[in-house]
Amino acid sequence: MIDFLSGAVTLAYLVGAAFFLRFWRRTADRFFVWFALAFAMLAVHHWVTFSFSVISESNGFYALRVLAYLIILCAIIDKNLSSRRG
């Protein structure tokens, strides 16, 4: 059951990345590219963590997730600052 759920979560991250890429192609807004990149990184993190049976995330795998969340935060800040400029 854990295998199935892990695959489902990884697939959901990839679907989210594809979803944001689709909107990026329609609008050419870099906000969507950053979100697609972050979701792809989260999918890779989840897949690697499960594939190599990483129980403790002190191996540096945690840094990939933190980087993905920082990308999301930077995308939101960039979008808000660019909308205020005009």
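What follows is calculated from the coordinates using simple rules that are stated; it is not laboratory data. Please read these numbers as outputs of a predicted model, since none were measured by experiment. All Cβ positions, glycine included, derive from the backbone under ideal geometry; neighbour counts span all protein chains shown.
Listed values, structure above:
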item	result
Fully extended contour minus Cα-Cα distance, from residue 25 to residue 52, at 0.36 nm per residue	6.3 nm
Segment residue 84-residue 12, length gained on full extension (0.36 nm per residue, minus Cα span)	22.7 nm
Packing-based exposure ordering (other Cβ within 10 Å, fewest first) of 47, 34	47, 34
Nearest-0.05 FRET efficiency for residue 4 and residue 77, computed from C-beta distance (R0 35 Å)	0.45
Rg/Rh (Cα only; Kirkwood hydrodynamic radius) as it applies to the chain	1.07
